[in-house]
1. Which of (1) in a helix (DSSP H, G or I); (2) in contact with an Asp or Glu (Cβ under 7 Å, 6 or more places away or on another chain) is the odd one out, the single condition GLU29 does not satisfy?
2. Select from the range 70-101 the residues that are in contact with a helix residue (DSSP H, G or I) (Cβ under 9 Å, 6 or more places away or on another chain), in a helix (DSSP H, G or I) and of a type in the set (A, V, I, L, M, F, W, C) and list them in ascending order.
3. Can you tell me which residue among TYR46, TYR58 is out of contact with any Phe, Trp or Tyr (no Cβ under 6 Å at 6 or more places or on another chain), of a type in the set (Ser, Thr, Tyr) and more than 30 Å from LEU141 (Cα to Cα)?
4. Could you pull out the residue among SER133, SER39, SER57, SER63 that is free of Cβ contacts under 8 Å to residues at least 24 places away in the same chain, surrounded by 15 or more Cβ atoms within 10 Å (Cβ to Cβ) and out of contact with any Asp or Glu (no Cβ under 6 Å at 6 or more places or on another chain)?
Amino acid sequence: MATALRRMVVDYPAVRLAGTEGDPEHERELVERARTGDSEAFAKLYRHYVPRIHAFSYRRTNSRELAEDVTVPAAAGCCGFAGDRGFLHPELTDAATRPEAAELEGRDFDAYLSANRTCDVGLERATGRAYRSPILLMEELTR
């Protein structure tokens, strides 16, 4: 590898939804309780999602060490770009990416990855960071 990555952020909403069980309202309630400092609610969410996120990250990186340092923002969701609609109505993308941008504010990563080019554009606008495809990153790192 020409370059070693230490930490990267990945915007894949499917991770957040993978393996969800039970009532979504109950899950929302747990999230709200965790946000207000309820350590029991946070522990339940942590136990439920961390193994799934780690497994997802390992499948994408093929490295246990790197998988530990991959961050999938809890606020990751649809960027709202909707094909080319984000070019015509940037306020849609701004509103959709605001929570994720706030979550990442003040944090620095070696790479910012997303699922497709229009999401890259929307997330770049929101965070000021250059997002790109994992495929392009792999190509760069294997030169």
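1. Result: GLU29 fails condition (2) only.
2. We begin by selecting, within the range 70-101, every residue in contact with a helix residue (DSSP H, G or I) (Cβ under 9 Å, 6 or more places away or on another chain); these are 70-87, 90, 92-94, 96-98, 100-101.
Subset that is in a helix (DSSP H, G or I): 85-87, 90, 92-94, 96-98, 100-101.
If the condition is that a residue be in contact with a helix residue (DSSP H, G or I) (Cβ under 9 Å, 6 or more places away or on another chain), in a helix (DSSP H, G or I) and of a type in the set (A, V, I, L, M, F, W, C), then PHE87, LEU92, ALA96, ALA101 are the ones that fit.
3. Details: TYR58 fails: more than 30 Å from LEU141 (Cα to Cα).
Checking each option against the conditions leaves just TYR46.
4. Details: SER39 fails: surrounded by 15 or more Cβ atoms within 10 Å (Cβ to Cβ); SER57 fails: free of Cβ contacts under 8 Å to residues at least 24 places away in the same chain; SER63 fails: surrounded by 15 or more Cβ atoms within 10 Å (Cβ to Cβ).
None of the other options fit; the residue is SER133.
Let's see how each residue does on (1) modelled with pLDDT under 75; (2) within 25 Å of ILE135 (Cβ to Cβ); (3) among the basic types (Lys, Arg):
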| position | (1), (2), (3) |
| --- | --- |
| VAL9 | yes, yes, no |
| ALA14 | yes, yes, no |
| GLU25 | yes, no, no |
| ARG35 | no, no, yes |
| LYS44 | no, no, yes |
| GLU65 | no, yes, no |
| ASP84 | no, yes, no |
| ASP110 | no, yes, no |
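The values are calculated or read from the model by the stated rules, or taken from the named source; none is laboratory data. Because the structure is a prediction, the values reported are computed rather than measured. Virtual Cβ from ideal backbone geometry, glycine too; neighbours counted across all protein chains shown.
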